[in-house]
1. Which whole-number percent gives the relative contact order of the stretch 2-254, counting Cα pairs below 8 Å spaced six or more residues apart?
2. If you build the Cα gyration tensor of the stretch 293-388 and take the root of 5 times each eigenvalue, what three semi-axes come out, in whole angstrom, biggest first?
3. Please sort 45-51, 156-162 by packing, taking for each peptide the average over its residues of neighbouring beta carbons within 10 angstrom, highest first.
4. Name the residue, out of K130, K208, K75, whose mean-square fluctuation peaks in a Gaussian network model built on the chain with Cα pairs under 10 Å.
5. Would you mind computing Rg(Cα) / (2.2 N^0.38 Å) for the chain, counting N as its residues?
6. Going by Cα centres, the stretch 245-305 and the stretch 38-90 are how many Å apart?
7. Restricting to the chain, what percent of DSSP beta bridges are antiparallel, rounded to 5?
8. List the residues whose amide H sits under 5 Å from the amide H of L160, counting only those 5 or more places along or on another chain, with H placed 1.01 Å from N in the peptide plane.
Amino acid sequence: MSGIYIHIPFCERKCIYCDFYSVENLNLIDRFTESLLKEIEIFSIETDFFNDSIFDTIYFGGGTPSLLEPAQIAKILNELSQRFKISSNAEITLETNPGTVDKRKLLEFKNLGVNRISFGVQSFFDDDLKFLGRIHTSEDAFKCINDSFDVGFENVSIDLIFGLPGQTVEKWLENLKFAVSLNVSHISAYNLIVERGTPLHELVSLGKVEIPEDEIQAQLYEKTIDFLENAGYVHYEVSNYAFDGFECRHNLKYWQYENYIGFGPSAHSFWINKRWWNYANLNKYINAIDLGKIPVANFEILDEEKMIEEFIYLGLRSKGINVARFKEKFGFEFVDGDIKDEIKEFERAGYISINGDFIKLTPKGFLLCDEIVLRLISKIKFVMKWES
């Protein structure tokens, strides 16, 4: 099974921390939608490698997909169903900003076939929302989440951010308590990252904003895992928690190294060993499509070494490295020789656990994910070099 990602690049206002591609000129939404439909058509005509594939996830990300009218989302879904083999039980996710939807709009999205709604809440405290540059209030967030249940959504996800300036453990736990009290099926809890080129980066560089120290960030992360697991959520990826059976099937494709196709400006695609991405510029994107071209900015062919690196990294970020699938995909044992010794060392230190065919990080290990990945990759490279 494969996935489809649709990037909707519009935002009413860009948040100070966000480095995703987006534009604030909402007058271009109609023009963009026409181009997006055309891109899907051109791609389906000019390529055929996906003909035998069934797609069981569609994900509308952004930007703010909920800025589109339900009729526009309907056109996109209809175009996809005409061009691709969409599973009858496909997971269809729509990211939403609580400040852009009401009960009527939520009901219309649901009636179109959207069966998973994801709210970019970020915080249930208005002072946090104001700092982050969000356009909604905490009251908006509570109302939209409750409205989504009222209209019949069963799969409701929210995003939260920790590590904000001045944020205490107590305040963060209050955020999590609010989330749990709403009984949402999925929670993404992200650490605030200061990305270059964002207003937040400038504020931090100028000393106007101070981000909590790493020790505090680690404490907040560990508290998040403990609190949400005790509340019945499964910690299935570094930043993601869900009730059993409500993991985001689309995002699992990224972490389990499965195929997906992306449409829209800046959208990325991955198929077997090839990755490509569209222009991260709306004008270039539209102009290419007007010329009848697929709006691909560039691509890369992954060699085996690169694929192994990504397989390890993505596996450890989620449910673990599936060693049986590793052997099937790459032709040699993952747990062997020097690698086995390294894994045993991590296991003794309490950073990883081994359960059947899976090698996974413990909560303690998640804090050192990047370092563990680098050490395992270095051992793998040594084995590959030795065997060649």
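Taken together, the values in this text are just the output of simple stated rules run on the coordinates, not laboratory data. As the structure is a computational prediction, the values presented were derived from the model and not from experiment. Positions of Cβ are generated from backbone atoms using ideal geometry, with glycine treated the same way; all protein chains shown enter the neighbour counts.
1. Values: 411 pairs, mean separation 46.4, N = 253.
Taking the mean separation of contacting Cα pairs over the length of the stretch 2-254, I get 18 percent.
2. Working: eigenvalues 124, 58, 30 Å².
The answer is 25, 17, 12 Å, longest axis first.
3. Working: 45-51: 11.3, 156-162: 22.6.
Most protected by this proxy first, the peptides run 156-162, 45-51.
4. With Cα springs under 10 Å in the chain, the top fluctuation among K130, K208, K75 is at K208.
5. Details: Rg = 21.4 Å, N = 388, 2.2 N^0.38 = 21.2 Å.
Cα-based Rg divided by the globular estimate yields 1.01.
6. Cα centroid to Cα centroid, the span is 13 Å.
7. On the way: 22 of 55 bridges.
Bridges in the chain are about 40 percent antiparallel.
8. When sequence neighbours closer than 5 places are left aside, the close amide H contacts are Q122, S188, A189, Y190.
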